[in-house]
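**Q** Below are the structure tokens for one structure; questions will follow.
The values are calculated or read from the model by the stated rules, or taken from the named source; none is laboratory data. On a predicted model such as this, the values are computed, not experimentally measured, just so you know. Neighbour counts run over all protein chains shown; Cβ positions are idealised from the backbone, glycine included. Side chains are part of the model used for accessible areas, which takes the heavy atoms of the whole protein and leaves out ligands, DNA and RNA. Shrake-Rupley method; radii C 1.70, N 1.55, O 1.52, S 1.80 Å.
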Amino acid sequence: MNFETGSSYSGFTLQETREIQEIRSTALIFTHDITGARLLKLVNDDDNKVFSITFRTPPADDTGLPHILEHSVLTGSRKFPTKEPFVELLKGSLNTFLNAMTFPDKTMYPVASKNGQDFFNLMDVYCDAVFYPNIYHNPETLMQEGWHYDIGSAEEEITYSGVVYNEMKGAFSSPDGMLYSIIQKSLFPDNCYGFESGGDPEFIPDLTQEQFLDFHREYYHPANSYIFLYGDGDTIKELGFLHEQYLKDFKKIDVRSAIQEQPAFSEPVRMEESFSVSPDDDTAGKSYISFNYATGTAADPELHHAMEILNRILLGTPASPLKQALLESGLCKDVMGVYEGGILQPFFSIVAKHTDVESIDPLRDLVNTVLVKLSSDGIDPVLIEASINYIEFQLREAEFARYPKGLYYNFVVMESWLYGAHPLVHLEFAGILKKIRGAASQGYFEGLIQSWLLGNTHSSTVLLKPSKGLGEKKEQAVREKLRQYKNSLDPDSLARLIEANKKLLEHQNTPD
């Protein structure tokens with residue numbers, strides 16, 4: 001079918017049509033007439049069809065509200081009141097992908113299937129879950145998926161429990177799980193990236209039922225949604241389904257979810273955090289040190305791809321010069337490069353693992369020495385070309401963690417679309433990579449090192465060090481806090497709390 005720009009199709013007006021040669025697809029960009037919902041369809045001959053609906057969900061604290069809500073909407077809805085529709089789909093669907101994901105500033109609900117009817121069934125379950133979840137009727141949902149005071153009788157001690165609470169306790173028990181969150185806090189202390197969208201166990205119990213429901217009311221609206229379709233499916237049928245079954249029942253509202261940019265630092269900062277090790281453990285060689293740099297905005301496609309390539313050049317292969325120098329120095333046992341391009345203000349990190357606190361200055365000096373040498377003497381052109389080829393192959397073939405191709409492209413699209421930039425800027429990469437290739441021999445990457453690493457004051461050094469018995473101290477503090485809370489309850493309040501736990505167990509154990 002030929003689509004005409006400016007025409008309306010099943011409640012959606014086509015804003016733009018564009019051929020994306022790089023991924024052999026035709027892009028159709030729509031706006032829903034009633035709600036303003038954004039929709040992108042990538043039309044091609046891939047029978048592994050993908051649907052996702054994404055909401056911009058910037059956290060305002062460390063309670064993990066976006067993460068808890070992601071879990072909660074998939075515990076039953078208006079049309080599918082079963083307590084675990086997600087589990088039922090895993091058992092009975094023909095899906096090739098089924099999950100939900102919380103990011104630092106968005107929550108995604110993607111599905112994929114090669115079977116046409118199954119694909120629409122999956123869309124139906126997910127749309128009903130996000131727009132009409134049973135969270136408003138079941139107060140047990142937050143208790144189960146988020147957190148609650150767990151107590152079965154007046155004689156027992158109170159503890160914290162909940163799916164996300166327990167999950168994040170596990171994540172925060174390891175330095176690898178903590179590091180990414182700390183890096184973001186160090187670089188972006190004044191916007192949403194300074195908070196842990198997954199939830200910090202220390203603060204998850206601060207979340208109230210009212211905040212939980214208000215967050216859904218505010219952000220889970222079509223006006224705040226980004227709908228993505230991919231593959232050989234019938235576009236008109238897909239649009240009609242979304243409009244008739246869901247979107248036509250909403251009105252357009254003003255959702256204030258825009259992400260504020262962190263002002264650049266005038267000078268680098270340093271942040272130290274600790275993680276727990278056993279009182280009997282040796283702390284030598286267990287620290288993590290990272291050097292981090294904010295690198296522009298997600299709306300700059302050339303810088304976005306160039307920094308991905310630079311990460312590959314410096315740290316991504318055994319032949320990478322910075323990685324080699326750090327490992328050969330003996331100052332650390334492992335090295336990792338991170339380029340996070342999926343947020344409004346991307347960042348680049350050089351991470352030294354299994355090192356010591358006293359190595360922080362020698363490591364920084366070595367990093368700077370290597371970067372200065374590379375920027376002045378030049379980078380091996382063979383390594384540059386190989387790194388460009390690798391990134392281009394990844395973009396063209398969508399080779400990423402065994403995800404369906406369409407979902408990989410969905411990730412790429414959201415790296416600009418969520419921030420008000422054109423959704424296709426990162427997919428139209430051929431011209432950008434050609435420009436980068438042409439400039440590579442003229443000191444292009446050497447210039448990036450000078451501008452964004454050596455001369456960048458919006459940067460941080462993060463030290464994550466082991467602390468003997470820290471976990472036990474924190475657990476003791478939590479037990480004391482809960483003991484005081486229990487002592488503050490009068491008999492009626494304690495009885496109500498015990499009754500609430502009984503209702504939760506009944507809800508969990510009652511067959512659908």
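**Q** Just list whichever of LYS114/LYS237; LYS91/LYS237; LYS185/LYS373; LYS185/LYS405 have alpha carbons separated by over 24 Å in the model shown.
**A** In this structure, LYS91/LYS237; LYS185/LYS373; LYS185/LYS405 exceed 24 Å between Cα atoms.
**Q** Mind checking the dipole of region 89-150: about its Cα centre, +1 per Lys or Arg Cβ, -1 per Asp or Glu Cβ, Debye to the nearest 20?
**A** 280 debye
**Q** What FRET efficiency comes out for the pair LEU505/ASP214, r = Cβ-Cβ distance, R0 = 30 Å, nearest 0.05?
**A** E between LEU505 and ASP214, to the nearest 0.05, is 0.65.
**Q** With charges only on Cβ, +1 for K and R and -1 for D and E, what is the dipole size of the chain about its Cα centre, in debye, rounded to 20?
**A** For the chain, the charge dipole is close to 580 debye.
**Q** Still on this structure, please answer the following. What distance in nm separates the two pseudo spin-label positions at LYS91 and GLU399, each 7 Å out from Cα along the beta-carbon direction?
**A** 3.8 nm
**Q** Counting just the Cα atoms, what span does region 258-356 cover along each of its three principal axes? Round to the nearest Å and put the largest first.
**A** 48, 33, 23
**Q** Hey, another quick one. Tell me, what is the FRET efficiency for GLU22 and ASN2 to the nearest 0.05, using R0 = 22 angstrom and their Cβ-Cβ distance as r? Provide the component values of the computation, followed by the final result.
**A** Values: r = 23 Å, r/R0 = 1.02.
The computed FRET efficiency comes out at 0.45.
**Q** A further question on this structure: Scan around PHE12 for amide H atoms under 5 Å from its own, H built in the peptide plane at 1.01 Å from N, and keep only partners 5 or more places away or cross-chain.
**A** ASP33
**Q** Once neighbouring chains are kept in place and the probe is 1.4 Å, which whole percent of the accessible area of the chain is contributed by carbon and sulfur?
**A** 50 percent
**Q** Going by amide H atoms built from the backbone, whose H comes under 5 Å of the H on ALA37, apart from near neighbours?
**A** Hits under the 5 Å cutoff: HIS32.
**Q** I would also like to ask the following. Order 110-121, 483-494, 209-220 from most to least packed using the mean count of other Cβ atoms within 10 Å.
**A** 110-121, 209-220, 483-494
**Q** To the nearest 0.05, what FRET efficiency results for HIS137 and ASP281 with a Förster distance of 41 Å applied to their C-beta separation?
**A** FRET efficiency, HIS137 to ASP281: 0.30.
**Q** Show log10 I(q)/I(0) for region 1-154 at q = 0.08, 0.17 Å⁻¹, two decimals, from a solvent-free Debye sum over equal Cα scatterers.
**A** Each listed q maps to, in turn, -0.30, -1.13.
**Q** Scan region 227-308 for trypsin sites (Lys or Arg not before Pro) in coil per DSSP, keeping those whose Cβ has at most 11 other Cβ atoms within 10 Å, and list them by number.
**A** Qualifying residues, ordered by number: LYS251, ARG256.
**Q** Please give the length that would be gained between LYS333 and LYS468 if that part of the chain were fully extended, namely 0.36 nm times their separation in residues minus their C-alpha to C-alpha distance (nm, one decimal).
**A** Extra length available between LYS333 and LYS468 comes to 46.5 nm.
**Q** Within region 307-408, which trypsin sites (Lys or Arg not before Pro) sit in a loop by DSSP and count at most 16 neighbouring Cβ atoms inside 10 Å?
**A** LYS333, ARG402
**Q** Right, something else. Per 5 Å bin, what is the whole-percent P(r) computed from every C-alpha pair distance within region 357-498?
**A** 2, 7, 9, 10, 10, 11, 11, 9, 7, 7, 6, 5, 4, 2, 1, 0
**Q** Given points 7 Å out from each Cα along the Cα-Cβ axis, report the ASP61 to GLN476 separation in nanometres with one decimal.
**A** Those two pseudo-labels are separated by 2.8 nm.
**Q** Using a simple spin-label model with points 7 Å from Cα along the Cα→Cβ vector, what separation in nm is obtained for GLU157 and ASN115?
**A** It is 5.0 nm.
**Q** What is the Cα convex hull volume of the chain when expressed per residue in Å³?
**A** Value for the chain: 161 Å³ per residue.
**Q** Can you list residues whose amide H is under 5 Å from PHE250's amide H, if they're 5+ apart or on another chain and H is modeled 1.01 Å from N?
**A** none
**Q** Could I ask something else about it? At 1.4 Å probe size, with every protein chain present, just tell me what the per residue accessible area of the chain comes to in Å².
**A** That works out to 43 Å² per residue.
**Q** While we're on this one: Report the gain in length on full extension from VAL372 to ASP300: 0.36 nm times residue separation, minus Cα-Cα distance, nm rounded to one decimal.
**A** My answer for the length gained is 23.4 nm.
**Q** Still on this structure, I have one more. I need to check one value: relative contact order of region 1-157, counting alpha carbon pairs closer than 8 Å and at least 6 residues apart, in percent.
**A** It rounds to 19 percent for region 1-157.
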